[in-house]
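A quick write-up on the structure given underneath.
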């Protein structure tokens, strides 16, 4: 301990500063980079409490578990969405096939044309859907309020085909 006298006459004990090894700079393999090496680095690493090292090791497993569960969650949601779309597409294909056979045999009524038009609209086959909806409108024998649904579906198809002029026809 060093002793220092202040102007007030009191003596103050100051802690002695240990000498620090000089910082040496050595060029590395690449001429543009310079690596600083400090001889006291090993003593600093030894001064880190062992509790922190144990705590750091214990965090690896929970973080890995959270990452794994999150990854599995995303994969599960993705698989669910893909399977759902495949099942919906299959159902639409089966419905279109059944209605198409009915129309080809000549047993179809106006509702069958409308339903096939709606199925084709959901499959985004707007040109084929428009043909079936137009045919449903021509042979419609139901109520006028139900015919509005046919006109609505036709308007939707024309809009998606960007034929806005076709929607104004009556």
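Each reported figure results from applying straightforward, stated rules to the coordinates on display, with no laboratory input. Given the structure is predicted, the values throughout are model-derived calculations rather than measurements. Heads up, the Cβs are rebuilt from the backbone with ideal geometry, glycines too, and the neighbour counts pull from every protein chain shown.
Restricting attention to the range 122-143, the residues that are in a helix (DSSP H, G or I) and on the phi > 0 side of the Ramachandran plot add up to 0.
Within the range 108-121, being assigned to a helix (DSSP H, G or I) and crowded, with 18+ Cβ neighbours inside 10 Å holds for 110, 112, 113, 114, 115, 116, 117, 118, 119, 120, 121.
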